[in-house]
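Peer 1: One structure coming up, written as structure tokens, with questions to follow.
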Amino acid sequence: MMSRIDDLMPRSDDRWATATRRAQGTADQGLGGALKTYYTLYFPAGVIILVTAGTVGGMLAFGGGPAGWPSFLVFGFFLSVLGAAIGGFIYNAKKIAPAAETGRIDVLLSLEDEERKRHPAPGSREDTA
């Protein structure tokens, strides 16, 4: 008698044991706080400052008057995009990456899609509710 392919696949308990083993060494050391600080403080302040500086800098560099500020706004937006990208990379390297120990492999990799949806991650809001 031929066995089914399901008999060859690991059972749910085995997959959860593998996920638990892979979770060893994974830790959150303030990742949420670091992201909140970036998106509520640094990113908005940086965009406002860089748009203003780029607009004023464009007017000074190209000899425009205060009445022509809308035409120089593109320089401000360009500077803010450039500054947000560079600042984001630096903030990621200095604050975000050290705030989490991710381990070597995705913890949920060994679980099936339905198992990921059905069971909340330990410590998440859905787990404590």
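The values are calculated or read from the model by the stated rules, or taken from the named source; none is laboratory data. These numbers were taken from a predicted model, which means no experiment stands behind them. Glycine also receives a Cβ, built like all others from the backbone with ideal geometry; neighbour counts cover every protein chain displayed. Just the protein is used for accessible areas: all its heavy atoms, side chains included, with ligands, DNA and RNA removed. Shrake-Rupley method; radii C 1.70, N 1.55, O 1.52, S 1.80 Å.
Peer 1: Viscosity 0.692 mPa s, temperature 37 °C: Stokes-Einstein D of the stretch 37-107 from its Kirkwood Cα radius, in µm² per second?
Peer 2: 237 µm²/s
Peer 1: Could you tell me the calculated FRET efficiency between Phe89 and Phe62, based on Cβ-Cβ distance and R0 = 41 angstrom, to the nearest 0.05?
Peer 2: Computed FRET efficiency for Phe89 and Phe62: 0.90.
Peer 1: May I ask you to give the percent of accessible area on the stretch 48-94 that is carbon plus sulfur, with a probe radius of 1.4 Å?
Peer 2: Looking at the stretch 48-94 in its full context, I get 82 percent from C and S.
Peer 1: Compute the accessible area per residue over the stretch 35-104, keeping the other protein chains in place, probe 1.4 Å, unit Å².
Peer 2: 70 Å²
Peer 1: Label points 7 Å out from Cα along the Cβ direction at Asp13 and Val81: separation in nm?
Peer 2: 5.6 nm
Peer 1: Determine, from the Cβ-Cβ distance of Val74 and Thr40 and an R0 of 35 Å, the FRET efficiency 1/(1 + (r/R0)^6), rounded to the nearest 0.05.
Peer 2: Computed FRET efficiency for Val74 and Thr40: 0.85.
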